[in-house]
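Worksheet for the structure shown next.
The values are calculated or read from the model by the stated rules, or taken from the named source; none is laboratory data. Computed from a predicted model, the values in this text were never measured in an experiment. Methodologically, a virtual Cβ is constructed for each residue, glycine included, from the backbone with ideal geometry; neighbour enumeration extends over all protein chains shown.
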Amino acid sequence: LFAGPVDFVKGVVAMSGLPPADRVEICFAGRSNVGKSSLINALTGRKSLARASNTPGRTQELNFFALGEDRYMVDLPGYGYANAPLAVVEKWQKLLKSYLSGRQTLRRAFVLIDSRHGVKSVDDEIMNLLDKSAVTFQVVMTKADKVSKAELAANFEQVKGALKKHPAAYPEVVLTSSEKGDGIETLRAIIAGLI
Ligand code: GDP
């Protein structure tokens, strides 16, 4: 799945712009700076694939990538910007809600959590939205190389605990480091296994 081409398809700003729901879809969500672009680049083996999503103007779009011929991978805008104008946040939340609740082919959302920080309230809000939308989500902890083993273990437990109150949470949490490559193969296998 990840050996083939991974092409940027389009940035979507409104429900009317979604590509046809004709294949299995997964999406990635996370606070800005969580390491989402780095993870997508590590997964796909492309150095700058997700950079487009982080350039100004692209940040409020649902960025669609084609994985091979039968999957879409969607990069959702990073949330939790302190300085985003309210109107922008509201427009984005509206689109996100419509997308999550209305996309039949969306199989799983991957919610990225920084290994140093654990689940914060903004993450919890996204998880509530995923519960409400009945979208199964799986937590991927990022930047595992940045913390000590003890800290990683403690934050892993914090994440596991936080997931207990979310009915849409998939129980297995994946530990990754885009820098070192840890967990990348595991995550690829999980994505490839979704049908
Ligand atoms: P995004 O805003 O969520 O797309 O985050 P980026 O992928 O741009 O990463 C934010 C910062 O964290 C950058 O400086 C990355 O180099 C760094 N980063 C991302 N992933 C890792 C990782 O696995 N290990 C380490 N040490 N740094 C990382």
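See the values below:
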quantity: Number of positions in the stretch 1-57 that are assigned to a loop (DSSP other than H, G, I, E, B), away from the ligand (no atom under 11 Å from the Cβ) and modelled with pLDDT of 90 or more; calculated: 8
quantity: Some residue of the stretch 124-135 being in contact (Cβ under 8 Å) with a residue 40 or more places away in the chain, within 16 Å of the ligand (Cβ to nearest atom), under 20 Å from residue 38 (Cβ atoms) and not in a helix (DSSP H, G or I); calculated: no
quantity: Search result, residues across the stretch 163-185 that are within 19 Å of residue 73 (Cα to Cα), under 16 Å from the mean Cα position of the chain (by Cα) and surrounded by fewer than 14 Cβ atoms within 10 Å (Cβ to Cβ); calculated: none
quantity: Verdict on residue 157 being assigned to a helix (DSSP H, G or I), farther than 16 Å from residue 36 by Cβ and either at pLDDT below 95 or within 16 Å of the ligand (Cβ to nearest atom) (or both); calculated: no
quantity: Selection status of residue 122, exposed (fewer than 15 other Cβ atoms within 10 Å of the Cβ), among the hydrophobic types (A, V, I, L, M, F, W, C), in contact with a strand residue (DSSP E or B) (Cβ under 9 Å, 6 or more places away or on another chain) and modelled with pLDDT under 95; calculated: yes
quantity: Conditions (1) surrounded by 17 or more Cβ atoms within 10 Å (Cβ to Cβ); (2) more than 18 Å from the chain's Cα centre (by Cα); number of the one not met by residue 71; calculated: (2)
